[in-house]
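Input: a single structure, listed below in structure tokens.
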Amino acid sequence: MAGGKEIRTKIKSVQNTQKITRAMEMVAASKMRKAQDRMRAARPYAEKIRNVAAHLSHAHPEYRHPFVVARAEPKRVGVVVVTSDKGLCGGLNTNVLRMILHKMKEWEASGVGVNVCALGGKGFGFMQRAGASVLAHQTGLGDTPHLEKLIGPVKVMLDAYIDGKIDALHICYTRFINTMKQEPVVEQLLPISGESLGSAKGHWDYLYEPDAKQVIDELLVRYIETLIYQAVAENMASEQSSRMVAMKAASDNAGNVIDELKLIYNKTRQAAITKELSEIVAGAAAV
Amino acid sequence: MTAHTHESLTLTLNVVSAEAEIYSGKATKISVPAQMGEIGIMPRHTPLLTYLRAGEVRVHTSDGKQVLIYVSGGLLEIQPQIVTILADTATRAASTDKAAADEARRLTEEAMSKLERFGSLDIAHAELMAAIAELSELQRLHKRKTRW
């Protein structure tokens, strides 16, 4: 029985792989639920800050913060690329990178330079090797998004925008639709368009302390940070569900491979027994 | 005093941060550490927008209790019946923000000078397409297997 032992070893090894993928699937499933909760927890803040920003932009048409002034003919644009740190999550990163790469090629073809801010190890590694000009990055975000880790890289991009090094800022990440469906999107962060804020309800004005300008400045910076934070939170939920689906597929696949190997194993075993029997019978007949 | 006026003597307080919803409820009086000094807020306060420094928010709830919430900073929005505190989760100051940005710049420059590169977008694109082809092949394989 030549192949028997080898096939048994092979089956064992596939079974071990299946154990790992199944464990990863379950881990991803539990992390996904938490990631979704966090994604939802961030929404009230984003909603509120958007309302206040909308109100301000209507109440103070005379003060134009650089963030709300549209610039004609952008010469350079900035892109915040949100990806995961770890792999084994299906086509999540590949899809988002393909989308932004397509955009970047379009920009380059029309003579617009691109500066990148990479959040997440996969995107950073990719952009680095692609020779893109990466201004800032953050990796090792872990399973919980922390605003603290984003402040630095985000400020680098905001500074670049204020200094006129970039004329627009975009973000690309994977939007979480449901467990089975996530889609890569590219959205514009800066300049802030009037319609993205929505219209303000009612007409009144606030008192500002110490003065309107400072308060608006603080508010708008936080607004952009919140949008980026939300994108990161959503990307994490997408990452976990994408990983869960990918690992489920891998476990199923391993199951199929095991079934096939078992069939082959039994066939060779059967063949060996038959052969042995016929040899005995032939031997007995010879006597 | 009628029931109506009594109702208007409470206000709704929402304390939210980017990472979580911290507090939400009715209050009769709130005191907050604003940038220009401590502010006491009663119902029907003038609309006001300011930012906070680190400190304690004291809430006198409508059932007579006192709640303390620590904030490390943030924005305060007052409307006559609704007060919203957009709390920061991190300690914020121009100097620490700048330090964080400088650190991010330095780390990126350092990392950028190290790794090997494809050198151009086209090569990167080719590599991506290969990865995508591999993935879709796997998916096709998976579909065929499960149909059996």
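The values are calculated or read from the model by the stated rules, or taken from the named source; none is laboratory data. Computed from a predicted model, the values in this text were never measured in an experiment. All Cβ positions, glycine included, derive from the backbone under ideal geometry; neighbour counts span all protein chains shown. Side chains included, ligands, DNA and RNA excluded: accessible areas come from the protein's heavy atoms. Shrake-Rupley method; radii C 1.70, N 1.55, O 1.52, S 1.80 Å.
Overview of values
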| quantity | calculated |
| --- | --- |
| Ordering of B:26-32, A:260-266 by packing [mean C-beta count within 10 Å, highest first] | B:26-32, A:260-266 |
| Span-like helix ranges in chain A, DSSP H, alpha carbon extent 15 angstrom or more, Kyte mean at least -0.5 | A:92-109, A:147-162, A:212-286 |
| Relative contact order (%) - region A:93-231, alpha-carbon pairs under 8 angstrom, separation at least six | 19 |
| Whole-Å semi-axes of the protein assembly as shown's equivalent ellipsoid (Cα gyration tensor) | 56, 29, 17 |
| Mean residue ellipticity (222 nm) of the protein assembly as shown, computed from DSSP H runs ≥ 4 via -39,500 (n - 2.57), nearest 500 | -18500 deg cm²/dmol |
| Å² of accessible area per residue within the protein assembly as shown, as computed with a 1.4 Å probe and no ligands counted | 50 |
| Inter-probe distance in nm under a simple model that places probes 7 Å from Cα toward Cβ, at A:Lys103 and A:Ser13 | 4.3 |
| Region A:92-207 pair-distance distribution - Cα-Cα, 5 Å bins, rounded % | 2, 9, 16, 21, 20, 14, 8, 4, 3, 1, 0 |
| B:Lys98 versus A:Glu183: modelled label distance in nm, points set 7 Å from Cα along the beta carbon direction | 4.4 |
| With Cα atoms, 0 to 90° folded angle of helix B:121-147 axis to chain B main axis | 90 |
| Chains B and A, summed buried accessible surface - 1.4 Å probe, Å², nearest 100 | 5100 |
| Accessible-area composition of chain A, carbon plus sulfur, in percent [1.4 Å probe] | 56 |
| Reach of A:Lys34 by Cα under 17 Å, taken over lysines that are not fewer than 8 positions away in the same chain | none |
| Radius ratio Rg over Rh of region B:3-115, counting only Cα atoms, Kirkwood formula for Rh | 1.18 |
| Estimated D of region A:21-63 in µm² per second, where Rh is the Kirkwood radius over Cα pairs and Stokes-Einstein applies at 10 °C, 1.306 mPa s | 122 |
| 18 Å Cα-Cα threshold exceeded, pairs from A:Lys12/A:Lys86; A:Lys105/B:Lys114; A:Lys213/B:Lys29; A:Lys48/B:Lys29; A:Lys5/A:Lys262; A:Lys19/A:Lys181 | A:Lys12/A:Lys86; A:Lys105/B:Lys114; A:Lys213/B:Lys29; A:Lys48/B:Lys29; A:Lys19/A:Lys181 |
| Highest average packing first - A:89-97, B:75-83, A:71-79, Cβ atoms within 10 Å | A:89-97, B:75-83, A:71-79 |
